[in-house]
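Participant: Below you'll find the structure I mean.
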């Protein structure tokens, strides 16, 4: 394949984003679309400036970050432990792996009302919901990673007299790590999205609740400001996580 | 004679092996069934003896509530059917639009290199934060739910179609070109058959995502449809019909996923 210049592609990307921004600006000026649905750009900017100066903004961000952190911590711990226990015997893996992946085929969002019923409307239900959603990809990838480790490595480790913890620490885990890492990444973004989703659907605090509240109060500029904040942080997190992943993979 | 003698032990060994394989598979299946049954029994006793009856219902009460509260109530039945209609419409839209856009973006190298990164960027956004915007734009009726389900389902198809078109072996393309195939021939006879496997992966992912989108929107709008009933049962601390309603929708989701998986298996068999 011949080497092609990146320049035309970049130019089209730039033109696409510029025309999107231009369309937003023109709509804001002319009012072609109801400002309730697409508020003018300046109004969103003003709402954003006003928003970051309030305590409400920072407390909502703190609540959401804490919820995501707790949910992800539980998902990682339970997911890896489940994966480890399920792969202790080949028979157990054959019995349980299809059950875990089969259950993951059901949208866990369906069970969200149960989480509200059991854990209340506060952050606890969002922690449980985010953890329940995030632990599946982590557990499934841990199972796939650990079950896929070459038997010869394990036999060699055992015949050289390595303890079972030593085997896990020096043989099983490093060999399964790339697959587990993929599960950790997928699990993180699922956790992130489901905590925000849980807050949007039914909550009293957090970023998702504030977006829904702005919509209920018919304050589209404020809602757009929140949406821009979330999109920017999601894209930053994405870049950050793939950077970390590349570094760990290269290691 | 000698031929028969050598053949008999072989078939016996094969029969023994297949019996062993069968018994092993049966053992797996029966262990699985036993686990599910055991979990249901523990749930039943725990819910009856120790659980808070406002929060948790035993499986037998849930089964009873399924018939007495859910399936016999015309309003709930029509809410469930409406959800099914929304999922199917959103999915159909996502497939048509995703395939068309994917073919258009993937057809030339320039359009792929310029537009695909934008698509991946959009795909990385947690779309659930746009849910209030959808109800603001489309109201609280089925339109918002179909639109939200569509916005979830279209990306996996789009991404997989473009990725599938990119993964065609360049040697095949060069061979087709050197034998004088026109671009339309190449797309129809080389690119398309190779894109199919990836496309069906996209179809399966898209069903999962469409279900997610529609259910999120259904739960978000708590004044009508399924979301109204789940809120009603949760707020009146009536867990049996809540579990039964959720179970019915879960079975619907499993059924839709299975249909798509069957289609995928049927159409990607030629590759093995």
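Participant: For residue A:34, are the conditions met, namely being under 30 Å from residue B:110 (Cα atoms), part of a loop (DSSP other than H, G, I, E, B) and within 14 Å of chain B (Cβ to nearest Cβ)? Give the steps one after another, and end with the answer.
Facilitator: Details: under 30 Å from residue B:110 (Cα atoms): no; part of a loop (DSSP other than H, G, I, E, B): yes; within 14 Å of chain B (Cβ to nearest Cβ): yes.
Against the criterion (under 30 Å from residue B:110 (Cα atoms), part of a loop (DSSP other than H, G, I, E, B) and within 14 Å of chain B (Cβ to nearest Cβ)), residue A:34 does not qualify.
Participant: Given the criteria buried (at least 24 other Cβ atoms within 10 Å of the Cβ), closer than 30 Å to residue B:226 by Cα and modelled with pLDDT under 90, does residue A:203 qualify? Before you say what the answer is, go through the steps one by one.
Facilitator: On the way: buried (at least 24 other Cβ atoms within 10 Å of the Cβ): yes; closer than 30 Å to residue B:226 by Cα: yes; modelled with pLDDT under 90: yes.
Taking the combined requirement at face value, the residue satisfies it.
Participant: If you don't mind, there's one more thing I want to ask. Which members of the stretch B:213-232 meet the condition of being more than 8 Å from every other protein chain (Cβ to nearest Cβ) and more than 21 Å from residue B:90 (Cβ to Cβ)? Show your work before the answer.
Facilitator: Our first condition is that a residue be more than 8 Å from every other protein chain (Cβ to nearest Cβ); within the stretch B:213-232, this holds for B:213-214, B:217-218, B:221, B:223-229, B:232.
Of everything in the stretch B:213-232, just one residue is more than 8 Å from every other protein chain (Cβ to nearest Cβ) and more than 21 Å from residue B:90 (Cβ to Cβ), namely B:232.
Participant: From the list A:237, A:162, pick out the single residue that is surrounded by fewer than 20 Cβ atoms within 10 Å (Cβ to Cβ) and over 28 Å from residue A:87 (Cβ atoms). Break it down stepwise before answering.
Facilitator: Numbers: A:162 fails: over 28 Å from residue A:87 (Cβ atoms).
Checking each option against the conditions leaves just A:237.
Participant: Within the stretch A:130-151, can one find any residue that is surrounded by fewer than 16 Cβ atoms within 10 Å (Cβ to Cβ), farther than 24 Å from residue A:181 by Cα and over 15 Å from the mean Cα position of the chain (by Cα)?
Facilitator: Going through the stretch A:130-151, the residues surrounded by fewer than 16 Cβ atoms within 10 Å (Cβ to Cβ) turn out to be A:148, A:150-151.
Next cut, farther than 24 Å from residue A:181 by Cα only: none.
No: the stretch A:130-151 contains no residue that is surrounded by fewer than 16 Cβ atoms within 10 Å (Cβ to Cβ), farther than 24 Å from residue A:181 by Cα and over 15 Å from the mean Cα position of the chain (by Cα).
Participant: Can you report the number of residues in the stretch B:224-272 which are outside any helix (DSSP H, G or I) and either in contact with a helix residue (DSSP H, G or I) (Cβ under 9 Å, 6 or more places away or on another chain) or closer than 24 Å to residue B:200 by Cα (or both)? Spell out how you get there, then give the answer.
Facilitator: Within the stretch B:224-272, the subset outside any helix (DSSP H, G or I) is B:224, B:236-238, B:268, B:272.
Filter again for either in contact with a helix residue (DSSP H, G or I) (Cβ under 9 Å, 6 or more places away or on another chain) or closer than 24 Å to residue B:200 by Cα (or both), leaving B:224, B:237-238, B:268, B:272.
Selection size over the stretch B:224-272: 5.
Participant: Out of the residues in the stretch B:233-256 meeting the condition of being over 20 Å from residue B:59 (Cα atoms) and free of Cβ contacts under 8 Å to residues at least 12 places away in the same chain, tell me which one is nearest to the other protein chains (Cβ to nearest Cβ).
Facilitator: Selected residue: B:235.
Participant: I would also like to ask the following. For the condition surrounded by 22 or more Cβ atoms within 10 Å (Cβ to Cβ) and over 30 Å from residue B:28 (Cα atoms), what is the one hit in A:119, A:112, A:37? It would help to see each step written out before you state the result.
Facilitator: Working: A:119 fails: surrounded by 22 or more Cβ atoms within 10 Å (Cβ to Cβ); A:37 fails: surrounded by 22 or more Cβ atoms within 10 Å (Cβ to Cβ).
Every option except A:112 fails the conditions.
Participant: Does residue A:68 meet the test of being within 13 Å of another protein chain (Cβ to nearest Cβ) and either touching a strand residue (DSSP E or B) at 6+ places or on another chain (Cβ under 7 Å) or modelled with pLDDT of 90 or more (or both)? Quick ask: steps written out before the conclusion?
Facilitator: Numbers: within 13 Å of another protein chain (Cβ to nearest Cβ): yes; either touching a strand residue (DSSP E or B) at 6+ places or on another chain (Cβ under 7 Å) or modelled with pLDDT of 90 or more (or both): yes.
Yes.
Participant: OK, next. Exactly one condition in (1) assigned to a helix (DSSP H, G or I); (2) without any contact (Cβ under 8 Å) to a residue 12 or more places away in the chain; (3) under 23 Å from the mean Cα position of the chain (by Cα) is false for residue A:80; which is it?
Facilitator: Of everything listed in (1) assigned to a helix (DSSP H, G or I); (2) without any contact (Cβ under 8 Å) to a residue 12 or more places away in the chain; (3) under 23 Å from the mean Cα position of the chain (by Cα), residue A:80 misses just condition (2).
Participant: Also: Taking into account only those residues within the stretch A:107-152 that are in contact with a helix residue (DSSP H, G or I) (Cβ under 6 Å, 6 or more places away or on another chain) and not in a helix (DSSP H, G or I), which is farthest from the other protein chains (Cβ to nearest Cβ)?
Facilitator: That would be A:149.
Participant: Going by the structure shown, is residue B:213 buried (at least 24 other Cβ atoms within 10 Å of the Cβ), more than 30 Å from residue A:202 (Cα to Cα) and at pLDDT 85 or above?
Facilitator: no
Participant: Restricting the search to the stretch A:213-236, which residues are touching a helix residue (DSSP H, G or I) at 6+ places or on another chain (Cβ under 8 Å) and more than 9 Å from chain B (Cβ to nearest Cβ)?
Facilitator: Residues satisfying the conditions are A:219, A:221, A:222, A:225, A:228, A:229.
Participant: Moving to a separate point now. Would you mind telling me which numbered condition in (1) free of Cβ contacts under 8 Å to residues at least 12 places away in the same chain; (2) buried (at least 17 other Cβ atoms within 10 Å of the Cβ); (3) not in a helix (DSSP H, G or I) residue A:9 fails?
Facilitator: (3)
Participant: What's the total number of residues in the stretch B:118-139 that are outside any helix (DSSP H, G or I), over 23 Å from residue A:188 (Cα atoms) and within 7 Å of chain A (Cβ to nearest Cβ)? I'd like the intermediate steps shown before the answer.
Facilitator: As a first pass, look at the stretch B:118-139 and keep what is outside any helix (DSSP H, G or I): B:124-126, B:139.
Checking which are over 23 Å from residue A:188 (Cα atoms) leaves us with B:139.
Imposing the further condition that a residue be within 7 Å of chain A (Cβ to nearest Cβ) reduces the set to none.
So the answer is 0.
Participant: Name the residues in the stretch B:257-272 that are free of Cβ contacts under 8 Å to residues at least 60 places away in the same chain and over 21 Å from residue B:91 (Cβ atoms), would you? Before the answer, list the steps.
Facilitator: Initially, the stretch B:257-272 is screened for residues free of Cβ contacts under 8 Å to residues at least 60 places away in the same chain, giving B:257-262, B:265-266, B:269-270, B:272.
Hits for the stretch B:257-272 are B:269, B:270, B:272.
Participant: If you check B:101, B:93, which single one turns out to be more than 9 Å from chain A (Cβ to nearest Cβ), part of a helix (DSSP H, G or I), within 14 Å of residue B:163 (Cβ to Cβ) and touching a helix residue (DSSP H, G or I) at 6+ places or on another chain (Cβ under 6 Å)?
Facilitator: Values: B:93 fails: within 14 Å of residue B:163 (Cβ to Cβ).
Among B:101, B:93, only B:101 is more than 9 Å from chain A (Cβ to nearest Cβ), part of a helix (DSSP H, G or I), within 14 Å of residue B:163 (Cβ to Cβ) and touching a helix residue (DSSP H, G or I) at 6+ places or on another chain (Cβ under 6 Å).
Participant: Further question on the same structure: Quick test for you: out of A:186, A:180, pick the one residue that is over 23 Å from residue B:216 (Cα atoms), away from chain B (no Cβ under 11 Å) and in contact with a helix residue (DSSP H, G or I) (Cβ under 9 Å, 6 or more places away or on another chain).
Facilitator: Details: A:186 fails: over 23 Å from residue B:216 (Cα atoms).
Of A:186, A:180, the one residue that is over 23 Å from residue B:216 (Cα atoms), away from chain B (no Cβ under 11 Å) and in contact with a helix residue (DSSP H, G or I) (Cβ under 9 Å, 6 or more places away or on another chain) is A:180.
Participant: Restricting attention to the stretch B:106-117, which residues are within 11 Å of chain A (Cβ to nearest Cβ) and touching a residue at least 24 places away in the same chain (Cβ under 8 Å)?
Facilitator: Of everything in the stretch B:106-117, those that are within 11 Å of chain A (Cβ to nearest Cβ) and touching a residue at least 24 places away in the same chain (Cβ under 8 Å) turn out to be B:112, B:116.
Participant: Picking from B:66, B:82, which residue would you name as being away from chain A (no Cβ under 14 Å) and under 17 Å from residue B:219 (Cα atoms)? I'd like the intermediate steps shown before the answer.
Facilitator: Details: B:66 fails: under 17 Å from residue B:219 (Cα atoms).
It is B:82.
Participant: A follow-up question, please. Kindly establish whether residue B:180 is more than 10 Å from every other protein chain (Cβ to nearest Cβ) and not in a helix (DSSP H, G or I). Working first, answer last.
Facilitator: Working: more than 10 Å from every other protein chain (Cβ to nearest Cβ): yes; not in a helix (DSSP H, G or I): yes.
When the stated conditions are applied, residue B:180 passes them.
The values are calculated or read from the model by the stated rules, or taken from the named source; none is laboratory data. If you're wondering where the values come from, they're calculated on a predicted model, not measured in any experiment. Cβ coordinates were reconstructed from backbone atoms using ideal geometry, including for glycine residues, and neighbour counts include every protein chain displayed.
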